[in-house]
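The values are calculated or read from the model by the stated rules, or taken from the named source; none is laboratory data. Because the structure is predicted, anything quoted here is derived from the model rather than measured. When we count neighbours, we look across all protein chains shown, and the Cβ atoms used for this are built from the backbone with ideal geometry, even at glycine.
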C-alpha cells in the first residue's frame with residue numbers, strides 16, 4: 001500500500017490491505033482487511049457493511065486511507081487484531097481487551113454455552129455461578145447477561161488483566177461480583193452454594209511453545225502455561241470447585257485437545273461424578289464437565 005490520491009476505491013483498498021496481510025502470513029487476510037476497514041469507518045460498522053460498500057463502488061477519503069495503511073502495518077507486524085481495535089467479540093458481547101489480558105477465543109464459546117445451559121437448568125430462584133480466572137470477563141459476562149436471574153461471581157488475580165475486567169463489567173453487567181484475588185482462595189463465603197463453577201484456566205504445558213505467533217508474543221504467560229503437564233491449575237480448580245459447588249452443582253473446564261482423559265481422572269479422584277468431555281466445532285476435545293455428587297443422607301453417603 002502506497003501514498004494515494006484524495007479518494008481510493010474501497011475495493012482497491014481492501015485488495016491492497018489483504019495482499020499486505022497475506023504476505024505477512026496473517027491467517028485470514030481478507031477477513032482481517034475487512035475488519036480493519038470496518039474499524040476505520042466506525043466501531044459500529046460491520047464486515048457485511050464493508051462488503052456492500054465495496055460492491056456499491058464507495059471510496060475512502062485520504063485521511064481514512066492513511067489510517068487504514070497504519071492499521072494494516074500494525075497487523076502485518078502480527079499485533080493482534082483485537083489489540084488494534086480494542087475489542088473482541090464473544091457470543092453477543094463486545095469485550096474491551098488489550099495488553100495484559102488474554103484475548104477470548106471462539107472455542108471458549110462452547111464452555112460458555114455449556115455453563116449457561118447448566119445455570120438455566122438450576123432450580124434456585126437466584127442460582128450462583130463463579131468464573132475462576134475470569135480474564136476479560138468473557139465467561140462471567142456471558143452467564144450474567146444470558147441468565148439475568150443468576151448471581152455471578154468473577155475472580156481474577158492479575159493486576160493487569162483485572163483493569164480490563166472492570167471495564168467490561170462496568171459497561172456490560174455491573175451487578176457481576178468481581179473479586180481481585182487468587183482462585184485458590186476464592187469464594188469462602190460461597191462454600192457448598194454454587195450451581196456452576198466455570199473456568200478457562202491456563203493449560204499449555206510449560207515446555208510447549210504455542211504455534212501461533214500472536215499467542216507467543218501478546219497473550220500473558222500466566223494465562224497460558226499450567227505447569228509441566230499443563231494441568232497444575234486444573235488440579236487447584238478441581239479442589240476449589242469441589243468446595244464451592246452445591247450438591248448436584250456443575251464444574252465446566254476448558255482444556256487442550258489431548259487433556260480430556262487426564263482431567264477426567266483428576267476430577268474422579270477429587271470426588272466429582274459424571275465427568276464427560278465435549279468436542280468443539282472442529283471435532284477436538286475442548287471442555288470437560290462434572291457434577292458434585294448429590295447428598296445421600298446422613299448414613300455415611302458421599303457429599
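Mind checking which residues of segment 78-102 are touching a strand residue (DSSP E or B) at 6+ places or on another chain (Cβ under 8 Å), surrounded by fewer than 22 Cβ atoms within 10 Å (Cβ to Cβ) and modelled with pLDDT under 95?
Kept after step one, since they are touching a strand residue (DSSP E or B) at 6+ places or on another chain (Cβ under 8 Å), are these residues of segment 78-102: 82, 86-89, 94-97.
Restricting the remaining residues to those that are surrounded by fewer than 22 Cβ atoms within 10 Å (Cβ to Cβ) gives 82, 86-87, 89, 94, 96.
82, 86, 87, 89, 94 - these are the residues of segment 78-102 that are touching a strand residue (DSSP E or B) at 6+ places or on another chain (Cβ under 8 Å), surrounded by fewer than 22 Cβ atoms within 10 Å (Cβ to Cβ) and modelled with pLDDT under 95.
Which members of segment 119-145 meet the condition of being over 17 Å from residue 224 (Cα atoms) and surrounded by 24 or more Cβ atoms within 10 Å (Cβ to Cβ)? Talk me through it step by step, then tell me what you get.
Step one: of segment 119-145, the residues over 17 Å from residue 224 (Cα atoms) are 119-130, 140-145.
Once the filter is applied, which keeps residues that are over 17 Å from residue 224 (Cα atoms) and surrounded by 24 or more Cβ atoms within 10 Å (Cβ to Cβ), segment 119-145 yields 119, 129, 130, 140, 141, 142, 143, 144.
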query: Inside segment 64-99, can you point out the residues that are at positive phi and more than 14 Å from the chain's Cα centre (by Cα)?
result: 78, 86
message: What are the pairs with Cβ atoms under 9 angstrom where one residue, in segment 1-30, is within 16 Å of residue 77 (Cβ to Cβ) and the other, located anywhere, is at pLDDT 95 or above and exposed (fewer than 13 other Cβ atoms within 10 Å of the Cβ)? Sequence gap at least six, or different chains.
response: 29/23
- line: Among (1) touching a strand residue (DSSP E or B) at 6+ places or on another chain (Cβ under 6 Å); (2) at pLDDT 95 or above; (3) over 27 Å from residue 294 (Cα atoms), residue 204 falls short only on (2)
